[in-house]
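The structure appears below as structure tokens.
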Amino acid sequence: MKYILILGATSDIAIACAHEFARNGYGVQLAARKQDKLKIIAQDIEVRHKMPVTCHTFDALDYESHHEFWKKLPHRPEVTLCAFGYLGQQEKGQTDWREAWQIIETNFTGAASILNIVAQSYEEQGRGSIIGISSVAGERGRQSNYLYGSAKAGFTAYLSGLRNRLYKKGVHVLTVKPGFVDTKMTEGLDLPGPLTAKSEQVAKSIYKAHRSKKDVIYTLPVWQLIMQNIRLIPEGIFKKMNL
Amino acid sequence: MKKKITNWSNYPVVEANLLPFRYEDELRQLLNSQQEPLITRGNGRCYGDAALGPNILSSLPFNHILSFNEQQGIIHCEAGVMLDELLELIVPKGWFLPVTPGTSFITVGGAVASDVHGKNHHKDGSFSNHIVELELMNGVGEKVRCSREEKADLFAATCGGMGLTGVITKVKFRLKKVESSFINQRSVKAKNIDEIFGLFEQNEGYTYSVAWIDCLQKGKDLGRSVLMLGEHAKREELPNRQQMHPLKVPASKKVSIPFNFPSFTLNPLSVQAFNFAYYNKMLGNEKKDIVSYDPFFYPLDSVLHWNRMYGKKGFVQYQFVLPLEQSRQGLIEILEKINSRKMGSFLAVLKLFGEQESLISFPMRGYTLALDFPIVNGLFEFLDELDDVVMKYGGRIYLTKDARMKPEAFWKGYPNAQKWVDILKKYNPDQKFNSLLAQRLNIIS
């Protein structure tokens, strides 16, 4: 049986992906800090899809533990989905270094630390698939969330480099850039409908992109267009905008 | 942050805080941190104000399935799980919902809080009949289990209790064994009210029965209708092609009504035209076919947001039940009133309920009629008149669909109301759970 490892398995997109891969015949390894939540998510996946699910303690910021974590997994997963992230509060982060540090470390350093290990292992065995959830926020720094955005920009560049390195080794790397995602938790919030994807929809597009070995996807194609345009705005104009 | 929230009939609309929870400890935190009254809302498919208030707990993310015993057909799940998700899981294993309303887009918690009924009420009773056990969370964040054996008063007050006993968190209930996912359907035309009553009573042996009724007919045609009967199809009854996959779950082919129709779309003329077409589409007096469960139980689910047909002002659904002996006379009186006012209802559904013993649930032995009315000037006064007729004959109005009845109609229609309210006082002592409906009907004052 094939397995998927999901890092940061309590997020909405991660949960939706766990269901989607299980529906398609994957065993699931859920990894996150909060084990009580994982347990109930695991139970739900097992009942619905009849696939084996295991839960593992994983802390993105506890770098020392990452080697041990990877070694101790009961099965070597064919697919590793890196779904953890921390949005944080931009304004707080501007003055409170703890907050800024946590945003940067979670979204970039933590991801680089664990994926270094995964990449090494996949490279050695000559196969495997790494999926990283980055963000459209990483395409250009905006005053409203540049701490998060710059960390995600770093993560996007990391994934791009990883892809370049591992392509020849038969390892696939997929970068996912979701725009607005409407989850059950944001139900009723005023997100712009045509720009907002449901997490189930995101999961389906991730599975599809994984199957067809895409490199980079925006979970709603319209975001590709939007970000292209945002990237084209000259910095002299961009700096005056309220974004 | 407050936002505008409304349920299925787009009336009323309130400004409220929507507080979603995914796990028990998140719910407990919300209950402990919120000083103001709360009410739980699932998928917002109740029609009126039962799940509305200034602070609304959203159970939609709380949707884990805990276990499914495929041998005995028992499911245990959290309250936010929707019926359509359950069907996807249970139908391929040869099970079906014991009771389902006319939409699968409701949560299990909502099914309990409304104690929903379906086309098989005369055979299988309402949803609560099939519940093994419930778990609630009370106003201070404690878990409370109840069933017919354990805290029976709380159990009775929760089934049909409109969320006022606490937050329904987990439901364990029994499923119905089926051989296929198809329904053996029989439709029979009835020329008038006496014919349809006769047909209902002759066909009580069928598991499922419901009639669509044309409210605009009068005189000797009053009550012209089409009765739809159904049984779960046995494997050998299926055509060869379907015998290969007897438990197939129909793929969803859904269209959506993307915006509110202008309110003049539905008028007496268009309603008349629709009803004429519907009745005459059946050439003979009787028709038999085998259909998937989807079009049989959920004909309107294929049109997402069909409520937008009624325009921005919204509509009200009016559903009442009359005791069996009074049903004929009462229905004639009500249909005549609708007729004389040209208050045509697009959707009018008639059903004969079976016996029901319950504290606060809607069904009772007799006929129930559900009508949709777009909101126009004078409608509420007209509905008050209908209430008077319903009360005169000893009937009652369905709380899940109601947004406008006066307290007197509630207290008169539900003879156990005081008993129910006393139990609410015991389990909801600080009135932590309260809704616009509860206030409007003087249930919690």
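The values are calculated or read from the model by the stated rules, or taken from the named source; none is laboratory data. The model shown is predicted, which means the values in this text are computed figures rather than measured ones. So basically every Cβ, Gly included, is an ideal-geometry build from the backbone, and we count neighbours across all protein chains shown.
Observations
- Where strands (runs of 3 or more DSSP E) fall entirely within the range B:292-405, those with at least 3 residues that are closer than 24 Å to B:Val421 by Cα are at B:315-323.
- Taken over the range B:236-251, residues that are in contact with a helix residue (DSSP H, G or I) (Cβ under 7 Å, 6 or more places away or on another chain) and under 22 Å from B:Leu86 (Cβ atoms) amount to 4.
Residue by residue, here is whether (1) of a type outside the set (Gly, Ala, Ser); (2) under 26 Å from A:Pro178 (Cα atoms); (3) assigned to a loop (DSSP other than H, G, I, E, B); (4) within 19 Å of the chain's Cα centre (by Cα) holds:
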{"residue": "A:Leu5", "(1), (2), (3), (4)": "yes, yes, no, yes"}
{"residue": "A:Ala22", "(1), (2), (3), (4)": "no, yes, no, yes"}
{"residue": "A:Asp44", "(1), (2), (3), (4)": "yes, yes, no, no"}
{"residue": "A:Met51", "(1), (2), (3), (4)": "yes, no, yes, no"}
{"residue": "A:Cys55", "(1), (2), (3), (4)": "yes, yes, no, yes"}
{"residue": "A:Trp70", "(1), (2), (3), (4)": "yes, no, no, yes"}
{"residue": "A:Gly93", "(1), (2), (3), (4)": "no, yes, no, no"}
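- Helices (runs of 4 or more DSSP H) within the range B:1-120 that include 3 or more residues within 13 Å of chain A (Cβ to nearest Cβ) and either touching a residue at least 24 places away in the same chain (Cβ under 8 Å) or not acidic (Asp, Glu) (or both): B:24-33, B:83-90
- Residue that is more than 24 Å from A:Pro77 (Cα to Cα) and modelled with pLDDT of 80 or more, where the choices are A:Glu235, A:Glu187, A:Glu200: A:Glu235
- Among the conditions (1) touching a Phe, Trp or Tyr at 6+ places or on another chain (Cβ under 9 Å); (2) assigned to a loop (DSSP other than H, G, I, E, B); (3) of a type in the set (Ser, Thr, Tyr), A:Ser144 misses just one, which is (1).
- Residue in the range A:93-102 that is surrounded by 22 or more Cβ atoms within 10 Å (Cβ to Cβ) and either among the basic types (Lys, Arg) or within 30 Å of A:Val171 (Cβ to Cβ) (or both) present: no
- Single unsatisfied condition, A:Asp36 versus (1) at pLDDT 95 or above; (2) surrounded by fewer than 19 Cβ atoms within 10 Å (Cβ to Cβ); (3) in a helix (DSSP H, G or I): (1)
- Here A:Glu68 meets each of (1) touching a strand residue (DSSP E or B) at 6+ places or on another chain (Cβ under 8 Å); (2) away from every other protein chain (no Cβ under 12 Å); (3) free of Cβ contacts under 8 Å to residues at least 40 places away in the same chain with one exception, condition (1).
- Residue pairs whose Cβ atoms lie under 9 Å apart, sitting 6 or more positions apart in sequence or on different chains, and linking a residue in the range B:332-357 that is farther than 25 Å from B:Pro415 by Cβ and assigned by TED's automatic domain parsing to the domain that holds B:Val316 to a partner that is modelled with pLDDT under 85 and of a type in the set (Phe, Trp, Tyr), are B:Phe346/B:Phe274; B:Phe346/B:Tyr310; B:Phe346/B:Phe315.
- Residue in the range B:315-333 that is polar (S, T, N, Q) and surrounded by fewer than 19 Cβ atoms within 10 Å (Cβ to Cβ) present: yes
- Exclusive hit being farther than 30 Å from A:Asn229 by Cβ and under 16 Å from the mean Cα position of the chain (by Cα), set A:Ile103, A:Ile133, A:Ile114: A:Ile114
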